[in-house]
Amino acid sequence: EYLYVSQFVKNADFPNYFPKNNRGNTVLNPPPPPSYYINGKGKSYGIDLSIRYKYKNFTSWVSYSLSKSVHQFPALLNNKEFPAPTDQRHQLSLANMLSINKWNFGTTTLFSTGRPYIDFTNDNKPIPTERIYKRLPNYFRTDLSANYNFMFLKTKFKMGATIINVFNTPNFFDINTRKFDFQNTSFSDTNIIRAQKLSFNLFLHFEL
């Protein structure tokens, strides 16, 4: 992992941001500021389940994932495990498709628990060796689609429409944090990035 130290906090206290061993030495021998890399380890485990149901011109899929992904760094959180950026405990998806003559109708529903992020709001340390982890809100979205297939002048056409996020659920898929260090003060600016709102899409495909 890459850590950065602002040029305004390059001082002799730099080694004191890291845990020490029983000899009173830091667990790392970091090079001088402003930045350096630290090494750690991680593990991921879980289970995936998928079920498909098909009856005549109707098909349905249900998928579920239960997983956990953690990291562990000697220099962070006193070598305790903390969630990896990709850690997402529950993920559930439901997809349905119905075909009637030249028409295709489909629905897709997605649910997942929020991904973790580091909360820098009350962090006054130049290097976040002691971190506070929070999670984004849960993600839920339902999409609807319909398309019509036809031939025109020996050309195959498919035209249709898609409604994304039918219920206009306020979903968030990422977070952007900027930290500002000045000679007399430091502060952070955090913005949660919202996913796509309710939207309508029209499309036309053709094959010559």
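The values are calculated or read from the model by the stated rules, or taken from the named source; none is laboratory data. From a predicted model like this one, the values you see are computed outputs, not experimental measurements. Glycine also receives a Cβ, built like all others from the backbone with ideal geometry; neighbour counts cover every protein chain displayed. Note: accessible area is taken over every heavy atom of the protein model, side chains too, but ligands, DNA and RNA are not part of it. Shrake-Rupley method; radii C 1.70, N 1.55, O 1.52, S 1.80 Å.
The set of residues in the stretch 153-162 being closer than 30 Å to I193 by Cα and loosely packed, with under 15 Cβ neighbours inside 10 Å consists of A161 alone.
With respect to the stated conditions, L144 fails to be closer than 27 Å to V70 by Cα, touching a strand residue (DSSP E or B) at 6+ places or on another chain (Cβ under 6 Å), at pLDDT 90 or above and open to solvent by 50 Å² or more (accessible area, probe 1.4 Å). The condition of being more than 23 Å from N165 (Cβ to Cβ) and touching an Asp or Glu at 6+ places or on another chain (Cβ under 8 Å) holds for only one of F150, F120, F73, that being F73. Among the residues here, Y64 qualifies as among the hydroxyl-bearing types (S, T, Y) and either within 22 Å of R135 (Cβ to Cβ) or open to solvent by less than 40 Å² (accessible area, probe 1.4 Å) (or both).
Restricting the stretch 34-71 to residues that are in contact with a Leu (Cβ under 8 Å, 6 or more places away or on another chain) and under 16 Å from E1 (Cβ atoms) leaves a set whose member that is modelled with the highest pLDDT is G40. For the stretch 34-61: of the residues being open to solvent by less than 90 Å² (accessible area, probe 1.4 Å) and in a loop (DSSP other than H, G, I, E, B), which is farthest from L110 (Cα to Cα)? The residue in question is P34. For beta carbons closer than 6 Å, sequence separation of 6+ or different chains, a first residue in the stretch 86-103 that is under 21 Å from Y53 (Cβ atoms) and a second that is outside any strand (DSSP E or B) and open to solvent by 40 Å² or more (accessible area, probe 1.4 Å), the qualifying pairs are S99/N57. Scoring N138 on the criteria (1) open to solvent by 40 Å² or more (accessible area, probe 1.4 Å); (2) modelled with pLDDT under 90; (3) not small (G, A, S) leaves a single failure, condition (2). Contact map, the stretch 43-64: first residue within 12 Å of A95 (Cα to Cα) and without any contact (Cβ under 8 Å) to a residue 12 or more places away in the chain, second residue of a type outside the set (D, E, K, R) and open to solvent by 90 Å² or more (accessible area, probe 1.4 Å), Cβ cut-off under 6 Å, separation 6 or more or different chains; pairs are R52/W61. Within the stretch 127-164, being of a type in the set (S, T, N, Q) and not in a strand (DSSP E or B) holds for T129, N138. Confirm whether K125 is surrounded by fewer than 16 Cβ atoms within 10 Å (Cβ to Cβ), over 23 Å from the mean Cα position of the chain (by Cα) and either among the β-branched types (V, I, T) or modelled with pLDDT of 75 or more (or both). Here the answer is no, as K125 does not meet what is asked.
Taking the criterion of being farther than 30 Å from E1 by Cβ, open to solvent by less than 70 Å² (accessible area, probe 1.4 Å) and either more than 26 Å from the chain's Cα centre (by Cα) or modelled with pLDDT under 95 (or both), the residues of the stretch 98-113 that qualify are L98, S99, N104.
Just one residue in the set P31, P116, P83 is modelled with pLDDT under 95 and farther than 24 Å from I175 by Cα; that residue is P31.
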